[in-house]
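*Asks:* Below is the structure I would like to discuss, written out as structure tokens.
The values are calculated or read from the model by the stated rules, or taken from the named source; none is laboratory data. All figures in this text were calculated on a predicted structure; none of them were measured in a lab. Every residue, glycine among them, receives a Cβ derived from its backbone with ideal geometry; neighbour counts consider all protein chains shown.
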Amino acid sequence: MNSWFDNALTRAEAIDDWLHEKRAASLALLRDTDWPTRQTEAWKYTSLKKLEQLDFSAGTPAPSINAHSISDLNSINLVFIDGVLQSIPADLPEGLTIMPLAQVPDEHQPWVLDQFAGVKPPQHLFGLINDTLATDGLVIDIAPHVDLKHPIHIIQTMTAGNEAHCRTLVRVGAGARVTVIEHLTGDQESFNTNFTEYSLATKAELEHYRLALQSDAALTIGGSHFNLDTQATLNSTIVGYGSDLARIDVDISHQGEGTLAKLDAIYLLDKQTHFDLHSNIEHTAPNGTSDERVRGIVAGKARAVFNGRIHIHRYAQKTSAELNNRNLLLSRDAEVDVKPELEIYADDVSCAHGATIAEIDQLALYYLRSRGIGLEQAHLMLNFGFINELIDQIPNAVLADWLRQQLSGRFTRMNTIKHSGQEMAQ
Amino acid sequence: MLSIKNLKASIAGKTILKGLDLTVNPGEVHAIMGPNGSGKSTLGYVLSGREAYIVEEGSILFEGVDLLTMGIEERALAGLFLAFQYPLEIPGVSNLEFLKAAVDAQREARGEPLMSSKEFLNAAREACKAVRLPTEFLKRGVNEGFSGGEKKRNDILQMLMLQPKLCILDETDSGLDIDALKLVADCVNSQRDAKRSFVVVTHYQRLLDYLKPDYVHVLSEGKIIKSGGPSLASELEEQGYAWLDRQPGEEKSL
């Protein structure tokens with residue numbers, strides 16, 4: 001045990017609101033859970049030491065800060081500072097309802113109670129902690145067949161000396177289309193947990209982003225979790241910078257027939273940062289497709305952890321699932337720990353996975369140099385191209401441009417460039 | 001401009017060029033024809049400095065300077081340009097970024113001021129127009145998802161932007177339909193002047209009909225076995241390469 005966890009449990013006990021039953025159930029599970037050690041499989045490569053001694057419960061007043069809105073995105077912005085929602089825009093488009101988690105009207109409570117800890121699986125320790133502590137957050141409801149032109153942009157900023165626990169629930173109605181951007185920022189010493197649960201009804205389409213751009217001393221643990229009903233479509237992009245402690249769990253559950261999920265993840269780490277992505281894709285119904293591509297550049301003494309699980313259940317025939325993870329290591333001290341896990345119980349599926357430590361393509365290098373581009377610059381271009389290839393596929397062009405700018409700026413600042421990686425490792 | 005003497009080069013231990021001599025003066029267009037496997041592409045790769053190709057013997061002077069001591073990018077900056085038989089796809093690196101980096105490097109090497117973004121964009125758009133590639137292609141990854149013909153035109157676009165002194169076109173005409181072939185030939189012709197030289201590697205006379213080379217050479221088994229004027233190309237087109245094997249003093253493989 002440790003002081004942070006003890007303290008969290010004590011704080012959790014004091015919370016009594018309309019989600020009380022849900023919170024109590026998770027609290028009971030938590031009490032039966034051992035705090036992770038290096039022997040705990042799900043935390044094998046990620047240490048919680050920095051968190052264990054933290055005490056931010058007193059909080060520090062937030063300085064006034066600008067929301068990190070992205071110009072030209074035409075988004076509906078929802079800004080949290082240290083876990084506190086600033087405001088909800090007044091004139092929302094028809095078919096879109098946004099409520100603070102603490103003030104959900106009676107008519108919405110039944111589905112919210114169903115979805116709260118109903119999409120996110122119970123095995124995530126910090127998910128349970130978030131169940132018990134998250135009093136702030138959002139509930140977003142998109143009515144059936146609504147085609148929302150404006151992305152919903154949830155910006156969460158943490159400032160020094162603060163701790164926050166946020167929960168967001170998003171219900172996408174049948175045939176509705178929406179873009180949701182979860183955008184986390186801040187580099188000051190702080191801790192937040194941030195979990196989001198999405199349910200996609202029949203033929204719903206969700207374009208999802210989790211921009212985990214917290215860095216340096218900002219400790220952050222969270223997850224995005226999705227249930228897909230019949231023929232629902234998810235197109236998700238995750239971007240991670242890594243920090244002293246950064247962990248994301250993604251769960252995608254293909255529950256209806258003929259669902260489609262695309263998950264791209266990019267991480268760009270340097271210094272001594274840490275980024276841990278666990279993804280778990282469950283195919284429980286037939287004819288589902290999942291395509292997961294994870295690419296990272298790791299420099300300095302940074303460490304990336306990627307655990308990608310695909311679980312194809314017995315009745316999920318005709319599933320097509322692909323998982324590909326490629327890493328570029330830019331220094332000898334950089335490390336990546338990769339574990340693909342495939343569990344297949346259906347006999348008529350197509351499934352492929354691969355994880356590699358990538359090498360610079362020598363032919364591409366020659367091509368660039370044959371046009372007069374110097375060796376070092378050619379390396380930089382190809383290295384960045386390695387992740388830019390995924391940025392190029394981001395459906396929202398404005399966001400893609402913005403991200404390209406952010407990531408290339410960050411990449412340029414990472415100056416410990418070494419010229420090659422090593423072949424194959426898992 | 002270019003003086004190659006007794007060039008012997010190999011790849012993976014196999015000697016491909018077996019004593020090649022070639023002299024190209026400023027403003028000249030030389031065509032190199034020859035059967036498959038005779039070493040035509042190897043010549044381009046060796047000139048460009050591709051690392052897998054090992055020069056075993058001979059010399060190459062480019063504007064009086066020993067080319068073999070220069071790195072790949074140095075050769076490009078000195079004014080040598082190879083249009084590839086199979087231009088590479090580089091997803092993730094946009095055409096625009098690639099072109100800008102190459103043009104910047106050229107201008108820096110020539111001691112010219114760098115182009116502003118606007119100047120550059122205008123020049124790139126003009127070059128697109130010249131090779132009839134939609135300007136949207138500039139935003140895409142280098143050759144990513146381009147058809148064979150589009151890739152070739154993209155290489156020619158680079159040539160237009162980089163303004164090299166010596167252009168080696170390695171079967172740039174293969175895989176092009178008649179219209180595209182004419183377009184590429186027009187682009188090349190538009191770049192011809194008293195200073196700029198071309199070495200055009202091709203299988204077909206068609207491109208040469210448009211380009212009207214000053215010299216035609218036949219490369220066979222790593223050597224130039226016959227040189228002549230433009231009429232040599234039509235003889236080859238009619239009779240193939242077999243008759244050349246009867247030339248006295250030439251080695252012949254089985």
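*Asks:* Conditions: (1) more than 23 Å from the chain's Cα centre (by Cα); (2) surrounded by 12 or more Cβ atoms within 10 Å (Cβ to Cβ). A:LEU48 meets all but one. Number of the miss?
*Replies:* Status for A:LEU48: all satisfied but (1).
*Asks:* Got at least one residue in segment B:57-75 being touching a helix residue (DSSP H, G or I) at 6+ places or on another chain (Cβ under 8 Å), more than 14 Å from every other protein chain (Cβ to nearest Cβ) and not hydrophobic (A, V, I, L, M, F, W, C)?
*Replies:* Yes, segment B:57-75 contains a residue that is touching a helix residue (DSSP H, G or I) at 6+ places or on another chain (Cβ under 8 Å), more than 14 Å from every other protein chain (Cβ to nearest Cβ) and not hydrophobic (A, V, I, L, M, F, W, C).
*Asks:* Give me the residue from segment B:87-120 that is at the interface with chain A (Cβ under 8 Å from one of its Cβ atoms) and assigned to a helix (DSSP H, G or I) and, out of that set, surrounded by the fewest Cβ atoms within 10 Å (Cβ to Cβ).
*Replies:* B:ALA109
*Asks:* Which strands (runs of 3 or more DSSP E) does segment B:9-86 wholly contain that include 1 or more residues that are among the β-branched types (Val, Ile, Thr)?
*Replies:* Correct list: B:14-24, B:29-33, B:53-62.
*Asks:* How about segment B:141-162: which of its residues are within 11 Å of chain A (Cβ to nearest Cβ) and within 28 Å of B:ARG110 (Cα to Cα)?
*Replies:* The answer is B:GLY141, B:VAL142, B:ASN143, B:ASP155, B:GLN158, B:MET159, B:MET161, B:LEU162.
*Asks:* A further question follows. May I ask you to verify whether A:ARG210 is among the basic types (Lys, Arg), farther than 22 Å from A:LEU148 by Cβ and at pLDDT 95 or above?
*Replies:* no
*Asks:* Across segment A:365-415, which residue is surrounded by the most Cβ atoms within 10 Å (Cβ to Cβ) among those that are touching a strand residue (DSSP E or B) at 6+ places or on another chain (Cβ under 9 Å), more than 7 Å from chain B (Cβ to nearest Cβ) and of a type outside the set (A, V, I, L, M, F, W, C)?
*Replies:* Among those residues, the one meeting the criterion is A:ASN383.
*Asks:* Sticking with this one: Residues of segment A:94-111 being polar (S, T, N, Q) and part of a helix (DSSP H, G or I), which ones?
*Replies:* Within segment A:94-111, A:GLN103, A:GLN109 qualify.
*Asks:* So which pairs qualify, if the first residue must be in segment B:119-139 and touching a residue at least 24 places away in the same chain (Cβ under 8 Å), the second must be in a loop (DSSP other than H, G, I, E, B), the Cβ gap must be under 8 Å, and the two must be at least 6 apart or on different chains?
*Replies:* B:ALA123/B:MET115; B:CYS128/B:PRO134; B:PHE137/B:PHE146
*Asks:* Among the listed residues B:VAL218, B:VAL200, which satisfies the condition of being within 12 Å of B:ILE32 (Cα to Cα) and either over 14 Å from the mean Cα position of the chain (by Cα) or among the aromatic types (Phe, Trp, Tyr) (or both)?
*Replies:* When all the criteria are applied, what remains is B:VAL218.
*Asks:* So for segment A:342-357 (the condition being more than 9 Å from every other protein chain (Cβ to nearest Cβ) and of a type in the set (Phe, Trp, Tyr)), does at least one residue qualify?
*Replies:* Yes, that holds for at least one residue.
*Asks:* Within segment A:236-247, take every residue that is surrounded by fewer than 24 Cβ atoms within 10 Å (Cβ to Cβ) and within 13 Å of the chain's Cα centre (by Cα) and give me the one that is nearest to A:LYS301 (Cα to Cα).
*Replies:* Going through the qualifying residues, I end up with A:VAL239.
*Asks:* How many residues, within segment A:216-266, are charged (D, E, K, R) and closer than 30 Å to A:GLN53 by Cα?
*Replies:* Final tally of qualifying residues: 5.
The rows are residues; the columns are (1) among the acidic types (Asp, Glu); (2) within 14 Å of another protein chain (Cβ to nearest Cβ); (3) surrounded by 19 or more Cβ atoms within 10 Å (Cβ to Cβ); (4) out of contact with any Gly (no Cβ under 9 Å at 6 or more places or on another chain).
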position	(1), (2), (3), (4)
A:VAL298	no, no, yes, no
A:ALA302	no, no, yes, no
A:GLY308	no, no, yes, yes
A:HIS311	no, no, no, yes
A:LEU323	no, no, yes, no
A:ALA334	no, no, yes, no
A:GLU359	yes, no, no, no
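*Asks:* Right, next: Can you report the number of residues in segment A:183-196 which are crowded, with 24+ Cβ neighbours inside 10 Å and either charged (D, E, K, R) or over 13 Å from the mean Cα position of the chain (by Cα) (or both)?
*Replies:* So the answer is 3.
*Asks:* Here is a follow-up. When segment B:125-140 is examined, which residues are found to be assigned to a helix (DSSP H, G or I) and within 14 Å of chain A (Cβ to nearest Cβ)?
*Replies:* B:ALA127, B:GLU136, B:PHE137, B:LEU138, B:LYS139
*Asks:* Something else: Could you grab the pairs with beta carbons closer than 6 Å, sequence gap of 6+ or different chains, first residue in segment A:202-230 and touching a residue at least 60 places away in the same chain (Cβ under 8 Å), second one of a type in the set (Phe, Trp, Tyr)?
*Replies:* A:LEU213/A:TYR241; A:LEU219/A:PHE191; A:ILE221/A:PHE126; A:GLY222/A:PHE195; A:GLY223/A:PHE195; A:PHE226/A:TYR198
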